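The values are calculated or read from the model by the stated rules, or taken from the named source; none is laboratory data. Computed from a predicted model, the values in this text were never measured in an experiment. Here Cβ is always computed from backbone atoms with ideal geometry, including for glycine, and neighbour counts include all displayed protein chains.
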Ligand SMILES: [Zn+2]
Ligand SMILES: [Zn+2]
């Protein structure tokens, strides 16, 4: 028993077989992780360099989002924002006593 263990541990063929197995286990995972990371964002907006995973998402961004005027407007002054919540907090701060509402610019023009 002692003899067979001694041979097994010192056997160069056995050792190389073990190290080969370890390499095969590690390599595909690392390759997959690296390639999926590389694939994460392939499409970039030519105007603002924002990255997108899908080309369709980038096209939608370029068509409807990028470089567009903010569509929400304060009804009491000329402030505009892309988010209604910003208009709401603006009205509470700058126009106290006024009704808190938002004008959708797209519906007017
Ligand atoms: Zn953009
Ligand atoms: Zn205002």
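Annotations for the structure displayed:
- Selection of segment 56-99 for residues being part of a helix (DSSP H, G or I) and away from ligand 1 (no atom under 16 Å from the Cβ) yields 84, 85, 86, 87, 88, 89, 90, 91, 92, 93, 94.
- Failed condition for residue 14, given (1) part of a helix (DSSP H, G or I); (2) at pLDDT 60 or above; (3) in contact with a helix residue (DSSP H, G or I) (Cβ under 7 Å, 6 or more places away or on another chain): (2)
- Segment 52-91 - residue that is over 29 Å from the mean Cα position of the chain (by Cα) and either surrounded by 12 or more Cβ atoms within 10 Å (Cβ to Cβ) or in contact (Cβ under 8 Å) with a residue 60 or more places away in the chain (or both) and, of those, farthest from residue 41 (Cα to Cα): 76
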